[in-house]
Structures are given as C-alpha cells and as structure tokens.
Amino acid sequence: MCSRGAGGNGDEASPYIAATARALDAEWPEPTLIKGTGGTVPLVGLLTDRLCFNCIVTGFILADDAIHAPDERYGVDRLRKGIRGWVRILSELR
C-alpha cells in the first residue's frame with residue numbers, strides 16, 4: 001500500500017519540542033536526537049494542515065530491530081523506558 005499524504009514539518013525552536021527533549025533526556029542516557037523524519041505518516045500532515053494541530057512523533061527503535069521484517073524485535077527494556085519517557089513528556093507539557 002502506498003500513501004500520497006504529506007508529512008508535517010516541526011519547528012526545532014518550538015517549546016513543545018524543547019519540553020519533549022528535556023523529558024527524554026531525563027529518561028535516556030543518550031541525548032535526544034531531533035531529526036525530521038516520518039514524511040510517510042499521512043496523519044501528521046493531516047493534523048497539522050487541516051486541524052492546525054502540531055504533532056511530535058517519537059521513536060525508540062534501534063537499527064538492528066529489523067522493523068517490518070520477518071525477524072522484527074523490540075526490547076522490553078526499551079518499551080518500559082519509552083512508556084516512562086511519555087509519562088515524563090506529558091508531565092513536562094503540563
């Protein structure tokens with residue numbers, strides 16, 4: 001299946017992105033990488049353009065996770081840290 005939807009563009013100077021980075025930096029030992037990706041996620045563009053709703057998309061995968069491959073895997077430890085990361089993000093945005 002192909003998508004023709006446009007992705008959204010974020011402003012790295014956004015206070016929401018800064019809050020997200022602070023929250024993730026508190027959870028993970030590596031500094032947060034702010035990187036513009038996800039252009040194939042049409043919902044991001046839809047929410048941004050039609051509803052004026054800004055999105056921040058995060059990911060917690062590693063290169064060797066083989067996402068969408070037959071041997072796909074995702075570590076439980078990263079799942080737990082990702083959940084705690086989102087709790088921190090929501091707390092930071094309050």
Handout entry: Over the chain, relative contact order from alpha-carbon pairs under 8 Å, at least 6 apart, %
Key = 37 percent
Problem - Structure-based [θ]222 nm, the chain - -39500 (n - 2.57) summed over DSSP H runs of at least 4, per residue, nearest 500 - result: -14000 deg cm²/dmol
Exercise for the section: Read through the labelled values (i) 15.0, 46; (ii) 14.6, 40; (iii) 16.8, 51 and report the label of the one computed as Rg and Dmax of the Cα atoms in Å from the structure. Expected result: (ii)
Handout entry: Accessible area in square angstrom per residue, the chain, 1.4 angstrom probe
Key = 79 Å²
Problem - Length released on extending from Leu33 to Asp11, taking residue separation times 0.36 nm less the Cα-Cα span - result: 6.5 nm
Fill in the blank from the handout: With +1 at each Lys and Arg Cβ and -1 at each Asp and Glu Cβ, the charge dipole magnitude of the chain around its Cα centre, to the nearest 20 debye, comes out at 300 debye
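The values are calculated or read from the model by the stated rules, or taken from the named source; none is laboratory data. Nothing here was measured: the structure is a model prediction, and the numbers come from that model. Heads up, the Cβs are rebuilt from the backbone with ideal geometry, glycines too, and the neighbour counts pull from every protein chain shown. Heavy atoms of the whole protein, side chains included, go into the accessibility calculation; ligands, DNA and RNA do not. Shrake-Rupley method; radii C 1.70, N 1.55, O 1.52, S 1.80 Å.
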